[in-house]
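Visitor: What follows is a structure written as structure tokens; I'll ask about it next.
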């Protein structure tokens, strides 16, 4: 393999910036002054950065690529906004796919509907059942045909971990929350192994285009109508089509208890010895989301009452986590509400820091719980794109959270001030996978121009701007922080590390912070070989 010398711009390093980086045999051989590296490797092939920035490849610490790839091949609604646009997209998809027995897909936004709720009647123009997953993947919009196919009537009880929205007379209205999604979702046509393999490769191409060279898949198992993706990853890692470095977070079935641990251990073992994939984490989803009142909160929601759902009994959770920790598993929590965050922290008390446990999302954290992350060696896994005055925040979160709780949202700066280790991710396809857009939000606490919420009246107003991060801090979270979380040998530009790299078309550190979003990835390398 020819030596490759990156020069003509700057390189992002833990100490600051370097002028050049030398790559040899898939690893970083040297980092330093351009003149020194030219003398060290006079025959190296130059790669001109053209004034841009070289960074380690990004690692997304919470993402769902196979699900995203499948949805990209279905009725994709995330690129449009509003009922009229959704209906037009759905009708067009139905016309182009007359052979499909179901209209499935997703990406609709709760803020496009009064109270965040669409209705079955809006989909009843279709001649087939419809199952469309909400953008956040915590609800599904279905039509009357789908409800009839599933046998859901006014007499159908809500499942323990979900809710069926209903009209005033009790008739299901067409929105299924959380565990209720499975009532219809499990009836939809299942993707074949070939479908899943194609979805993974499509997602990998897209992620490489964004400079992402590794990730943690936050659900590897069956959830809300999805299919187990472990065989897909094992097959792709075995045949060499998986080029990225991936950790799979095995799904904790909240309908079971400790009796599932032996099967999780066996699933982990089935992926041992693979170069690009390991199944070493366990995903525990402790609550839902604030917008549909399933996030676990301490004080009741304003206007509607209720305190949300704890999907795993907090009295049992600590025991499960202790057992998983003893077996060397990393625990990856979903926690949105402040009660769920506290339950996760309580469960992680006394666990082994070497297992690199982390809590994702962290929408609401009470001030007394913020210092506990650093004190307990728990990593904060941030999804920065959500920390803005988007419509969902202003119409479906703040009014129901009330004060002071709504001021406890996404306290990134407070976490940093207490010494918390950060990782970062996107939750794609819930939101954009683009790390640059997420970094823009983390720094500015406003949405990048061009998003469908950018015309919203408060979209340009920073959301709790005192919680913003520096560009260096959030870039480190997306590189060294998330790579550390995955125990990856990449993530830092230093000799000996694997040469997983991203080339940016400009140096965002030289830009006005309001222009960070304009940065683009021009090239991506894995093991020193260009993959985008």
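The values are calculated or read from the model by the stated rules, or taken from the named source; none is laboratory data. From a predicted model like this one, the values you see are computed outputs, not experimental measurements. Please note: Cβ atoms are built from the backbone with ideal geometry, for glycine as well, and neighbour counts cover all protein chains shown.
Visitor: Please pick out the residue among 120, 128, 135 that is surrounded by fewer than 22 Cβ atoms within 10 Å (Cβ to Cβ), touching a strand residue (DSSP E or B) at 6+ places or on another chain (Cβ under 7 Å) and within 23 Å of residue 400 (Cβ to Cβ).
Guide: Only one candidate qualifies: 135.
Visitor: Within the stretch 429-442, can you find the residues that are modelled with pLDDT of 95 or more and surrounded by 24 or more Cβ atoms within 10 Å (Cβ to Cβ)?
Guide: 433, 434, 435, 438, 439, 440, 441, 442
Visitor: Checking the conditions here, which among 523, 477, 499 is in the same structural domain as residue 437 (by TED's automatic domain parsing) and out of contact with any helix residue (DSSP H, G or I) (no Cβ under 7 Å at 6 or more places or on another chain)?
Guide: 477
Visitor: Of (1) touching a helix residue (DSSP H, G or I) at 6+ places or on another chain (Cβ under 9 Å); (2) surrounded by 16 or more Cβ atoms within 10 Å (Cβ to Cβ), residue 283 satisfies all except one. Which?
Guide: Of (1) touching a helix residue (DSSP H, G or I) at 6+ places or on another chain (Cβ under 9 Å); (2) surrounded by 16 or more Cβ atoms within 10 Å (Cβ to Cβ), only one is false for residue 283: (1).
Visitor: Here's something else I'd like to know. Of the residues 522, 461, which is surrounded by fewer than 20 Cβ atoms within 10 Å (Cβ to Cβ) and part of a strand (DSSP E or B)?
Guide: 522
Visitor: OK, next. Whether any residue in the stretch 194-217 is under 29 Å from residue 336 (Cα atoms) and at pLDDT below 95 is what I want to check.
Guide: There is no residue in the stretch 194-217 that is under 29 Å from residue 336 (Cα atoms) and at pLDDT below 95.
Visitor: Of (1) crowded, with 16+ Cβ neighbours inside 10 Å; (2) assigned to a loop (DSSP other than H, G, I, E, B); (3) modelled with pLDDT of 95 or more, residue 78 satisfies all except one. Which?
Guide: (3)
Visitor: Right, residue 255: under 22 Å from residue 360 (Cβ atoms) and under 17 Å from the mean Cα position of the chain (by Cα) or not?
Guide: no
Visitor: Here's a follow-up. Please identify the pairs in which a residue from the stretch 331-355 that is farther than 22 Å from residue 295 by Cα has its Cβ atom under 7 Å from the Cβ atom of a residue that is part of a helix (DSSP H, G or I), counting only partners at least 6 apart or on another chain.
Guide: 351/321; 351/325; 352/325; 355/325
Visitor: Do any strands (runs of 3 or more DSSP E) entirely within the stretch 118-232 hold 1 or more residues that are outside the structural domain of residue 439 (by TED's automatic domain parsing) and over 24 Å from the mean Cα position of the chain (by Cα), and if so, which?
Guide: Counting at least 1 such residues, we get 130-134, 139-142, 162-166, 172-178.
For every residue, the table says whether it meets (1) modelled with pLDDT under 95; (2) within 24 Å of residue 136 (Cα to Cα).
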residue: 300; (1), (2): no, yes
residue: 305; (1), (2): yes, yes
residue: 329; (1), (2): no, no
residue: 335; (1), (2): no, yes
residue: 346; (1), (2): no, no
residue: 350; (1), (2): no, no
residue: 353; (1), (2): no, no
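Visitor: Still on this structure: Please verify whether residue 46 is surrounded by fewer than 16 Cβ atoms within 10 Å (Cβ to Cβ), in a strand (DSSP E or B), at pLDDT 95 or above and more than 32 Å from the chain's Cα centre (by Cα), treating the condition exactly as stated.
Guide: Taking the combined requirement at face value, the residue satisfies it.
Visitor: What residue, among those in the stretch 307-330 that are touching a residue at least 60 places away in the same chain (Cβ under 8 Å) and over 23 Å from the mean Cα position of the chain (by Cα), is nearest to residue 251 (Cα to Cα)?
Guide: Top of the filtered list is 320.
Visitor: Let me ask something else about it. Give just the number: which of (1) touching a strand residue (DSSP E or B) at 6+ places or on another chain (Cβ under 9 Å); (2) at pLDDT 95 or above; (3) surrounded by fewer than 14 Cβ atoms within 10 Å (Cβ to Cβ) does residue 25 not satisfy?
Guide: Only one criterion in (1) touching a strand residue (DSSP E or B) at 6+ places or on another chain (Cβ under 9 Å); (2) at pLDDT 95 or above; (3) surrounded by fewer than 14 Cβ atoms within 10 Å (Cβ to Cβ) is unmet by residue 25, namely (1).
Visitor: Another question, if that's okay. When the stretch 322-356 is examined, which residues are found to be assigned to a loop (DSSP other than H, G, I, E, B) and closer than 19 Å to residue 482 by Cβ?
Guide: 329, 356 - these are the residues of the stretch 322-356 that are assigned to a loop (DSSP other than H, G, I, E, B) and closer than 19 Å to residue 482 by Cβ.
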